[in-house]
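The values are calculated or read from the model by the stated rules, or taken from the named source; none is laboratory data. Everything numeric here is computed off the predicted structure, so don't read it as measured data. Reconstructed Cβ throughout: ideal geometry from the backbone, glycine too, with neighbour counts over all protein chains shown. Each accessible area value is taken on the protein alone, full model and side chains, heavy atoms only, with ligands, DNA and RNA left out. Shrake-Rupley method; radii C 1.70, N 1.55, O 1.52, S 1.80 Å.
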Amino acid sequence: MKPGRERVVFGHMHEDHSIELSLVNLLPVKRALVIASGGDLAFALAGSNVDVTAVDSNPAQIELVREKMRCPDNLMTLCFCGRVDRLLRFGGPFLAWLLDWPRLRAGNLKLTLTNRFEELLHLVIFLVHGTRAAKRVDRPAIRLIRRRLDKAMRQPNAERNPLLQVLLGKRFESVSPDVWSEQGIAKWRGETARIVLKAADIGQVLSDTAGHSLGLISVSNLPDVLDEDAWQLLVERAAAALAPGGYLIVRSMLRETIETKSDANFSKETVVLEDRSPICPVIWIGRLTVSNN
């Protein structure tokens, strides 16, 4: 299978999965449901002896992950075959120049152009995440993204953050995400039988999942593209599928916090680990404390 570049959106995931992996030993059930995307989180969890169902509404992403599971010679090329990867390859260097990274001391011309960043960013989000996400991009969301990016670029080890470097148009150069390091690949390549792939809506998969059978659900940045009612329904289904003590992990590119009507079912956990995701970090971790019968 050769993933069609016009169909594959993400060749890999632009998120740091250290938080999910830090919870593995605390899971009441070693089963997880995650968004498939480029497969990074599914592979990392499988390499940590967790049985994983990886779901994506885009069948091309499922085919990409299936191809990676065979660990072909062109594995690393497959990590950069998506539409977003092409966009960042050409747009990332411009972004780095615009913000004058790593010095971050832009001259007057660059400062003028940076003031047009809101319009540019709106277009980029439309190209990356589609119409639904673009409709949710307001000025506070754009300012949040700018703050996150600025913070990531000012970190002392910014040049060693592979997720930031990819955002700036590079590939995995001197440092790779752990899952794509030689040691990481060796760890999960013998555990791919633990991964079940489904081209489906995650809400429907949750609805069909046996109650209290999951220890971890990670939904990436779905709150960015779902309306409030759809998001609330997803949280309710997640609460029904999780075993008591199980975790629901939420990321967001456009929000700083999130609230759900089902908060009573969860205790909010504090993120204590560093999250190297430049613009889509974890914003909410809920641990199920009440069974949703």
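Odds and ends about this structure:
- With the charge dipole of the chain set up from +1 on Lys and Arg Cβ and -1 on Asp and Glu Cβ about the Cα centre, the Cα lying farthest toward the positive end among the listed residues 267, 197, 246 is that of 197.
- For the chain, lysine pairs separated by 8 or more sequence positions, or belonging to different chains, with Cα-Cα distances below 22 Å total 11.
- Within the accessible area of the chain (1.4 Å probe), percent carbon and sulfur: 51
- In the stretch 199-293, the ratio of gyration radius to Kirkwood radius, Rg to Rh, stands at 0.94 when only Cα atoms are counted.
- Ranked by solvent-accessible area (1.4 Å probe, protein heavy atoms only, all chains present), the residues 101, 284 order from largest to smallest as 101, 284.
- Accessible area of residue 208 in the full protein assembly, 1.4 Å probe (Å², nearest 10): 110
- DSSP beta bridge pairing in the chain, given as percent antiparallel to the nearest 5: 30
- Counted over the chain with a bin width of 10 Å, the fraction of Cα pairs per bin, in whole percents, is 6, 28, 36, 23, 6, 1, 0.
- Annotation: amide H of residue 246 within the under-5 Å range of 288, sequence separation 5 or more or interchain, hydrogens built in the peptide plane.
- The H on the amide N of residue 266, modeled in the peptide plane, is under 5 Å from the matching H of 289, each at least 5 residues off or on a different chain.
- Each residue of the stretch 160-167 was assigned a 3J(HN,Hα) from its phi angle through the Karplus curve 6.51 cos²θ - 1.76 cosθ + 1.60 (θ = phi - 60°); the sequence is 10, 9, x, 5, 5, 4, 5, 4 Hz, with glycine and proline shown as x.
- Its residues counted as N, the stretch 1-65 yields a C-alpha radius of gyration over 2.2 N^0.38 Å of 1.17.
- Folded to 0 to 90 degrees: helix 228-241 orientation relative to the chain principal axis, Cα: 40
- Pairwise Cα distances in the stretch 153-239 exceed 23 Å in 51 percent of cases.
- About its Cα centre, the stretch 1-92 has a charge dipole of approximately 260 debye under the convention of +1 per Lys or Arg Cβ and -1 per Asp or Glu Cβ, with nothing else charged.
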